[in-house]
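Down below is the structure, laid out as structure tokens.
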Amino acid sequence: MEFLRPATWDEALAAKAEYPTALPISGGTDVMVEMNFDVHRPSAILDLNRITELSEWQIADDVVQLGASVPYTRIINELSGPLPGLALAAHTVGSPQIRNRGGVGGNLGGASPAGDAHPALLAAGRDVFVEVASQARGTRLIAIDDFYVGVKRNSMEKDELIRRVHIPVADGPQQFSKIGTRNAMVIAVCAFGFALHPKNGTVGTGIGSAAPTPRRAVEAEEYLAGVLAERGLWQSGDLLGTEVIQRFGELVKAAASPIDDVRGTAEYRRHSLAVMARRTLTWTWNDYSKQIRSAA
Ligand SMILES: Cc1cc2nc3c(=O)[nH]c(=O)nc-3n(C[C@H](O)[C@H](O)[C@H](O)COP(=O)(O)OP(=O)(O)OC[C@H]3O[C@@H](n4cnc5c(N)ncnc54)[C@H](O)[C@@H]3O)c2cc1C
């Protein structure tokens, strides 16, 4: 097996062009498990760990540019202000050891419907982009809504690598909720990300582990954004009322298409999603109302 260790991004793209079947490895928390279980026997491994820029982040024009290999621990410690939803999701990933190694690039590379970063990225809005590149075709930005195309499949080409993810800085409260058999080291039975975007009057949702791909609850987003606008609630911060919260939960539930599997039944997942949707909406709206009142 070839072991390729590029020192720069350009060298990595050149190596991927020369060995298109080379399997990229970042934190290795998925790759090494799969190799141990003989899921993969790649002819070459492309180790991305020497490329320092992949482990860096910066903020430009109110957008976080998150390097593909920034580990979850650093997202929690350094980015909980600008990316509260993703930081909350990162808290729920694996164990401290896994969070010290694994990152969002690896979650996107694997594109598991149960990956915890995905609901938070979807909820962060439609202006989230995955920056990928290849030596032959250069750089392109894939909108997060176009990224997930099937079970563990994403829209990247074979010769492309993920460089970073562009995520708008939060302009309102965000939440993440996950159901598992215990509080740590579990794959989600299902998960839900939610964000309020007062600047453009939209809300964001992300459903995890309850459909072939991570997906947003489009009707629930449109319903809630409509209510908030029609009733002037963005300005007043007044109570939403149980009817609105209930309806939002039902629409989130209806957007899922889960299966029965060893982790839970489809019906349990649907029920849990409605509960998580109601709770995350209530928590974020309470936070938003407090902000409005303290600003008044
Ligand atoms: C004990 C344990 C617990 C876990 N718990 C959770 C959990 O709670 N929630 C969760 O979501 N995940 C969990 N995982 C899975 C894993 O930690 C995450 O998916 C993590 O985000 C993977 O990141 P990584 O850097 O380790 O990826 P790697 O293992 O290095 O790579 C994962 C995939 O992405 C590809 N890849 C990596 N970097 C790039 C790049 N820059 N460009 C293109 N492709 C790339 C790889 O080729 C591979 O296909 C767990 C894993 C273990 C072992």
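Below are the figures for this structure:
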| quantity | calculated |
| --- | --- |
| Sorted by Cβ density within 10 Å, fewest first, the residues MET32, MET1, MET156 | MET1, MET32, MET156 |
| Per principal axis, descending, Cα span of region 141-296 in whole Å | 51, 36, 29 |
| Region 68-177: GluC sites (Glu not before Pro) falling in loop per DSSP and having at most 12 other Cβ within 10 Å | GLU157 |
| Cα-based Lys pair tally, the chain, threshold under 24 Å, eight or more apart or on separate chains | 6 |
| Only Lys, Arg (+1) and Asp, Glu (-1) charged, at Cβ; region 87-172 dipole about Cα centre in debye | 280 |
| Kyte-Doolittle mean at least 0.5 and Cα axial length at least 24 Å: DSSP H helices in the chain | none |
| Residues whose placed amide H lies under 5 Å from that of LEU23, excluding near-sequence neighbours | ALA44, ILE45, LEU46 |
| Peptides ranked, highest mean first, by Cβ atoms within 10 Å: ranges 267-274, 207-214 | 207-214, 267-274 |
| Translational diffusion of the chain, µm² s⁻¹ [Kirkwood Rh, Cα pairs; Stokes-Einstein; 20 °C; 1.002 mPa s] | 109 |
| Within region 37-74, chymotrypsin sites (Phe, Trp or Tyr not before Pro) in DSSP loop having at most 15 other beta-carbon neighbours inside 10 Å | PHE37 |
| Per DSSP, loop trypsin sites (Lys or Arg not before Pro) in region 157-212 with at most 10 further Cβ within 10 Å | LYS158, ARG182 |
| Burial ordering of SER257, SER43, fewest other beta-carbon atoms within 10 Å first | SER43, SER257 |
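Values in this text are rule-based calculations from the coordinates and carry no lab data. Since the model is a prediction, treat every value here as computed from it, not as a measurement. Note: ideal-geometry Cβ built from the backbone for every residue, glycine included; neighbour counts use all protein chains shown.
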